[in-house]
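Let me begin by presenting the structure, written as C-alpha cells, before commenting on it.
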Amino acid sequence: MSDDHTHVQEFFTARAADWDRRFPDDGPAYAAAVTELGLREGARVLDAGCGTGRALTPLRAAVGPSGVVLGADLTPAMLREAARAGRDRDGVLLLTDVAALPLRSSSLDAVFAAGLIAHLPDPAGNLREIARVVRPGGVLALFHPIGRAALAARQVRTLTPDDLRAEPKLRALLARSGWRMTSYVDEDTRFLALAVHEG
C-alpha cells in the first residue's frame, strides 16, 4: 500500500466512529446534490469514496429498486460504520481503491464523489479510472457539503488559486481525464461540480 493510501486510511480510521455525529446536518445537502445528478429509475451509480455511506440512501431513492447502487471506500472502518448505520441496505459496499475499480468498463451511468478529490494521490489518473467505468455520456458529481472558503476556514488554512477545486484548475483536470465540466457551484453551503464523460 502506498504512503498516500496509508495516510488516508489512518486519517479516516481515527474519525470513522464519530464521523456522522460530527456532521449531523449534511443530509439535505447530500440529497440535493444527488438530485442534480438527474438519475433515472434503474440507473447504475457508484458512490466513490463513500465513507459512512451518507449518499447511499438518496442514491437508492433516485434509482429505485431496479437500479444498482455501489459504495466504494478504501477504509474498512468507514464501511463498518456505513453497515452499522444500515446503509448497506441501500447499496453494495466495496472495500476498494478508486485507482483500480473492480468494475467493467462503461458499466455505470453515474459516479457521486463527496470530498474525494482532495484525497486522491493521482487526481488525473484516478479520474481517468472513474471515467473508464462510466458509459459515454454518463455523469460525475464532485461534491462537498460546504464550499471551498468555508472548508478552508474550518481547516484553518488559506484558500489559494492553486486549490485543486478552483474552477479553472478543476475544469482543466477534468478535461485531461476524459470529462467535460457542465456546471460549477462553490457557495458557503456547498461545492458541486458536474461533468459528463466524453467517452
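The values are calculated or read from the model by the stated rules, or taken from the named source; none is laboratory data. Computed from a prediction, not measured in an experiment: that's the story for all the values here. For neighbour counting, all protein chains shown are included, and Cβ atoms are generated from backbone atoms with ideal geometry for every residue, glycine included. For the accessible areas, the whole protein counts, side chains as well, though only heavy atoms, and no ligand, DNA or RNA atoms are used. Shrake-Rupley method; radii C 1.70, N 1.55, O 1.52, S 1.80 Å.
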Residues located in region 141-199, provided they are among the acidic types (Asp, Glu) and under 21 Å from Gly27 (Cα atoms) | Asp186, Glu187, Asp188
Number of positions in region 107-141 that are closer than 17 Å to Val8 by Cβ and not β-branched (Val, Ile, Thr) = 14
Just to be sure, is Ala175 of a type in the set (Gly, Ala, Ser), in contact with an Asp or Glu (Cβ under 9 Å, 6 or more places away or on another chain), open to solvent by less than 10 Å² (accessible area, probe 1.4 Å) and at pLDDT 95 or above?
-> no
With the condition kept exactly as written, say whether any residue in region 134-141 is open to solvent by 40 Å² or more (accessible area, probe 1.4 Å) and not in a helix (DSSP H, G or I).
-> yes
Scanning region 156-172 residue by residue, the ones that are among the basic types (Lys, Arg) and exposed (fewer than 14 other Cβ atoms within 10 Å of the Cβ) total 1
Which pairs do you get when a residue that is touching a residue at least 60 places away in the same chain (Cβ under 8 Å), found in region 59-76, comes within reach of a residue that is open to solvent by 50 Å² or more (accessible area, probe 1.4 Å) and among the β-branched types (Val, Ile, Thr), reach meaning Cβ atoms under 7 angstrom, with the pair 6+ apart or on two chains?
-> Thr75/Thr13
Only residues that are free of Cβ contacts under 8 Å to residues at least 40 places away in the same chain, among the basic types (Lys, Arg) and assigned to a strand (DSSP E or B): list them for region 166-192, please.
-> Arg180
Could you tell me which residue of region 119-128 is modelled with the highest pLDDT, considering only residues that are open to solvent by 40 Å² or more (accessible area, probe 1.4 Å) and in a loop (DSSP other than H, G, I, E, B)?
-> Asp122
Flagged pairs (Cβ under 6 angstrom, 6 or more apart or on separate chains; first in region 36-58, over 25 Å from Gln9 (Cβ atoms); second open to solvent by less than 30 Å² (accessible area, probe 1.4 Å) and part of a loop (DSSP other than H, G, I, E, B)) are Glu41/Gly64; Gly42/Gly67; Ala43/Gly67
In region 39-79, how many are part of a loop (DSSP other than H, G, I, E, B), under 26 Å from Pro136 (Cβ atoms) and either at pLDDT below 95 or open to solvent by less than 50 Å² (accessible area, probe 1.4 Å) (or both)?
-> 8
Somewhere in region 19-34, is a residue in a strand (DSSP E or B) and at pLDDT 95 or above?
-> no
Please find, among Ala153, Ala131, the residue that is open to solvent by less than 30 Å² (accessible area, probe 1.4 Å), outside any strand (DSSP E or B) and among the small types (Gly, Ala, Ser).
-> Ala131
Mind checking which pairs have a first residue in region 94-107 that is open to solvent by 30 Å² or more (accessible area, probe 1.4 Å) and a second that is hydroxyl-bearing (Ser, Thr, Tyr), Cβ under 7 Å, 6 or more apart or different chains?
-> Pro102/Thr96
